[in-house]
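Report on one structure; see the data block that follows.
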Amino acid sequence: KMLPPELIYGSLLVGLVAAIAVIGADGKQLLGIRNLFTGQDNLARFQRLYLPGFLLAMLADWLQGPFVYALYQGYGIDREHNGYLFVAGFGASAVVGTVVGSLADKFGRRKFAILYCVIYFGHCVTKHWGFFGVLLIGRILGGISTSLLFSVFDSWLVSESQREGFSGEQLGNTFSLAYFGSSVAAIAAGQLGEIAANVAPLTQIGGGMYYGGYVSPFDLSNVVLVLCMIYISTRWSENYGQSDGQSTGGNLGKALGAIMQDKKIFLCGLICSSFESSMFIFVFNWTPCLMEEGQPTPPFGHIFTGFMVFCLLGTRVYAFLGSKLAVESIALVVMGVSAACHLTVFLSTNVMVRFVAFLTFEACVGLYFPVVGTLKGDIVPEDMRSTIYNIYRLPLNVAVLLPLTMNFSIATTFALTTSILAVAVAAAYTLKAMPKTAKARDEDHELEALRDDAV
């Protein structure tokens, strides 16, 4: 049986109603959102400084993401060569990412946030050519820029937040707002990208160069990247990690040593790598999971919007739970539910069951980013933060490459992701059982005092 339209559109409504209910039931969230726009305190000012830069960077990424496969298909690239392009992207992220992180710590996170805009601009420009070699260069640039997007921006935020003296809960709230905004940006990007793609058909100019069609969302993405670059260069201050005069290689070795010697840093990395690799593998496989032979193609744009609505819901659930539970406890629940979702896809071939599992997993994704942002903010040393964040991405990229290069079946793929998430569950459980840092204990006492005052 095909995926019923009423289930797809019903999920959109349920997700939105649930998100509104969670926000409405938590007066602190309403106050926090209102304070973001009108507050004059240091936290509100800081959030208004960070969020526009981060959200422009995420909007640029979301704008072109849903159209990559369709553009390659329009250029006549078959599934096998499509796979080669994505392998190149993740390979570049794995090889270059760790070095880029170390350089960002040494030369400045703000500079490398701007560099993200420049490199990603180049990635989008290459989409104007239908030559495999040019597109391959573009995928490599895309892999490098992805490493920057998911490390440098978080590192800048944590460093500035600590410099301003904000607590772990306040940092978690900022992460929650950031990924709430990212979900809204993703929903808007899907619609804006679709409008841009339909303005003009894909048309060849000459010399293998094209414009219009699915190239247009990439051009729109570049407009956003220019705005992002202008905003960051004029509004953000610079911050650094490495301050002891070490070379890039020395700092990389120091970071690897810290991961191996400090069990908390290692466990945090295991959670990050395991969850995010499963998430990226899911991104490549959800469309075939919901397709059935002999049935019409599902409305993937609306399904994607549904996923983003549940991701948005997850960020609000975190904001609700963040003041009531320790972040380690929330992490354990998120990993456990995520593993159950992937196991469900492995066990069931029913598209409706899989769809519900995917919606639940997307809610976990919404919870994950503020959870792990807060965890890393507390655990990872400031002087090599970007370096360690990118080292965390190395096993992630290797894990994603495995099913891409081996051409696994859906069942095998989700058996793999379930196993990977089981590792994340074990790591989260072990981390939860470990003694907390003095800083984390102080913040827990503050939370208990706030709860007592509320009662």
FRET E, pair VAL134, GLN261, Förster distance 60 Å, beta-carbon r, rounded to 0.05: 0.85
Approximate spin-label separation LYS111-GLU164, in nm, with each point projected 7 Å along Cα-to-Cβ: 2.4
Backbone N within the range 332-349 under 17 Å of label point (7 Å from ALA422 Cα along the Cβ vector): 335-348
Percent breakdown of C-alpha pair distances by 10 Å bin, ordered from the shortest bin, for the range 21-139: 11, 29, 26, 19, 14, 1
Packing-based ranking, highest mean first, of 216-223, 359-366 given that Cβ atoms within 10 Å are counted: 359-366, 216-223
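What is the local net charge at VAL283, summed over the other residues whose Cβ is closer than 13 Å to its Cβ (Lys, Arg +1; Asp, Glu -1)?
On the way: positive: none; negative: ASP61, GLU276, GLU362.
Computed value for this residue: -3.
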Charge dipole magnitude, Cβ of K and R +1, D and E -1 - the chain, Cα centre, debye nearest 20: 380
Cα-based Rg of the range 8-67 normalised by 2.2 N^0.38 Å, two decimals: 1.47
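Gain in length, ARG235 to PHE300, computed as 0.36 nm per residue apart minus the alpha-carbon separation, to one decimal in nm?
Details: separation 65, 0.36 × 65 = 23.40 nm, distance 3.75 nm.
Net length gain for the segment: 19.7 nm.
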Size-normalised alpha-carbon gyration radius of the range 69-147, reference 2.2 N^0.38 Å: 1.17
Largest-first ellipsoid semi-axes for the range 185-307, taking √(5λ) over the Cα gyration tensor eigenvalues, angstrom: 39, 26, 15
Spatial separation of Cα centroids for the range 99-164 and the range 22-49, in angstrom: 29
Radius of gyration, Dmax [the range 267-356; alpha carbons; angstrom]: 15.1, 49
GLU382-VAL95 pseudo-label distance in nm [points 7 Å out on the Cα-to-Cβ vector]: 3.6
Values of log10 I(q)/I(0), in the order q = 0.08, 0.09 Å⁻¹, for the chain under a Debye, Cα-only, solvent-free model: -0.44, -0.57
Long-range lysine pairs (8 or more apart or interchain), the chain, Cα under 17 Å: 16
Heavy-atom accessible surface of the chain: percent carbon and sulfur, 1.4 Å: 67
Theoretical FRET efficiency, 1/(1+(r/R0)^6), r = Cβ-Cβ of ALA21 and MET209, R0 60 Å, to 0.05: 0.75
Accessible area per residue, Å², the chain with all protein chains present, probe 1.4 Å: 41
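Using only Cα atoms, what Kirkwood radius does the range 224-373 have, in angstroms? List each step's numbers first, then the result.
Values: mean 1/r = 0.0543 Å⁻¹.
Averaging 1/r across every pair of different Cα atoms and inverting gives 18.4 Å.
Classify the range 357-417 as rounded, prolate or oblate, taking a ≥ b ≥ c as the square roots of the eigenvalues of its Cα gyration tensor: rounded when a/c is under 1.5, otherwise prolate if a/b is larger than b/c and oblate if not. Walk me through the numbers before you get to the answer.
Details: a/c = 4.46, a/b = 1.50, b/c = 2.96.
Because a/c hits 1.5 or more and a/b fails to exceed b/c, the range 357-417 counts as oblate.
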Pair THR38, LEU13: separation of 7 Å Cα→Cβ label points (nm): 3.2
Extension gain, VAL199 back to LEU31 (0.36 nm per residue minus Cα-Cα distance, nm): 56.4 nm
Length added when fully stretched, ALA70-SER348, from 0.36 nm per residue minus Cα-Cα: 97.3 nm
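The values are calculated or read from the model by the stated rules, or taken from the named source; none is laboratory data. None of these values were measured; they are calculated from a predicted model. Cβ sites come from the backbone with ideal geometry, for glycine too, and all protein chains shown count toward neighbours. For accessibility, only protein heavy atoms count, side chains too; no ligands or nucleic acids. Shrake-Rupley method; radii C 1.70, N 1.55, O 1.52, S 1.80 Å.
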